[in-house]
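Derivation of every value follows stated rules applied to the coordinates shown; laboratory data play no part. Quantities reported herein were computed from a predicted structural model and do not represent experimental measurements. Note that each Cβ is placed from the backbone with ideal geometry, even for glycine, and that neighbours are counted across all protein chains shown.
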Amino acid sequence: MTAPSGRSLWRDGWAGLLVVSSARSYLMFLATLTAMAILPGLLGWSGSVVQSGSMEPNMSAGDVVLTSKLADTAPLPLGRVITFLVDDTQVVHRLVTVGDDNTIVTAGDANPEVDPWSPAREDITGQARILVPAIGLPSLWIGTGNLFAFAIWASATAIALLVVGSSLGGSRSNAPGARRAPGGRSGRPWWPRRSRVGRIALGTTVAVVAAMALPMLPHGSADAAFSGQTRASASWSVRSQAPVTVGSMAGYGIIAASAITDDSNNGFGNGSFVRGSVATTPGTTVIGYKAREIDGRIDLANAAARNAMAAATAARSALHTRAITATIAPTLSGTLSAGVYASSTGAFSVPGRLVLDARGDPGAQFVFRPASTLTMAARAQIVLVNGARAENVWWVVGTTATLGSTTSSTDTIAAGSYLVSGDARLRGVSLSGRVVSFNGSVHTSVSVLTPAD
């Protein structure tokens, strides 16, 4: 028996099959992404090639973002990515809030602060709907003069086209008299002989890929995150910035690292109630609550408690990635729209009534990030209006939180998830949400805590 030569193994064996399969997979992947970025243009949507990293990690240079026109009567999509014009340059950044004078506040996900410009609604050209990863890289390379990277990509694509186009011309013969290998397989190799079919297939493939790639060439440049108009469309949403989710915190009214204590039943008056579960980890102390004052589970340093604390930690990390909408005075009062707020002194206090106005958007998020303390006075109130929801209110407290001061009634109305680095104290508080202490304890007195999710 004659052993097959290396050339025969290449022509007839697994090596050749692997080369052709890899080339076909690559071209199919390329064609699919290109079709996703271009074909929906029949619906009139438009696309932009990402030019920089200002929207990292959710969008990278070379991705294509597809947008639809925002109707004049549609509510502004707070928290979503929009396209707008700044000095005749198209920008795609996230809409973080709307100012009292109806100016728009935007930010890049990777930027620590909001954008320096204040576009108006009429400057908005669309809302992002879909993200197609990496397909705009050839356009970006050409537009930025990175011809070396473009040449490597073009060479790899040309080789893949040659392999696939040539293989289409090498079909095995079934004609009488054709030499066959043992087992009935034709002796002709997978690698083609020149044929009209192969040349036609190769030419057609090149033409189709070129036709798909042409619209991706840049149509200009931008000083901000995106540029290069194409026509494109699709139906699913663009990837958002790091999500803030309740996760395994759902159903918990209190989560603490060390202990959860209630002193209501030690001479201060009526007891406190948790209309949900409580958890401590790594601590194992829950004291002061009578029977039926905690409706749910009491998880002490078990897997459920660890999962709840991990979810709280993940939410805090995600909230810290959000760009600051405004740095405001430490006394919170009046009405605030959705946004991410820092204190000019590092602390926040709520002495009276604070209204959080979602302006008709039930997904509007309100994030308060005091670097040090948070305090709420007796009879202070957090009031949610126009679609605002407690599950979308977040307080990320750098040191300690003290809510309320009375022990006779629940006259302090709080809302949201209070993520506190140190101790948290609630006296006479009715809370829709939860309290988390990452490094300390939670102390309650004559309070009612009801998870909002």
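Below is a table of values for the structure above.
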{"read-out": "Local net charge near P282, Cβ-Cβ under 15 Å (Lys/Arg +1, Asp/Glu -1)", "value": "0"}
{"read-out": "For D263, net neighbour charge (Lys/Arg +1, Asp/Glu -1) across residues whose Cβ lies under 11 Å away", "value": "+1"}
{"read-out": "Cα pair distances of the stretch 368-408 binned at 5 Å [whole percent]", "value": "6, 19, 22, 22, 20, 10, 1"}
{"read-out": "Percent breakdown of C-alpha pair distances by 10 Å bin, ordered from the shortest bin, for the stretch 372-447", "value": "22, 54, 23, 1"}
{"read-out": "Share of alpha-carbon pairs per 5 Å distance bin for the stretch 247-450, given as whole %", "value": "1, 8, 17, 22, 21, 16, 10, 4, 1, 0"}
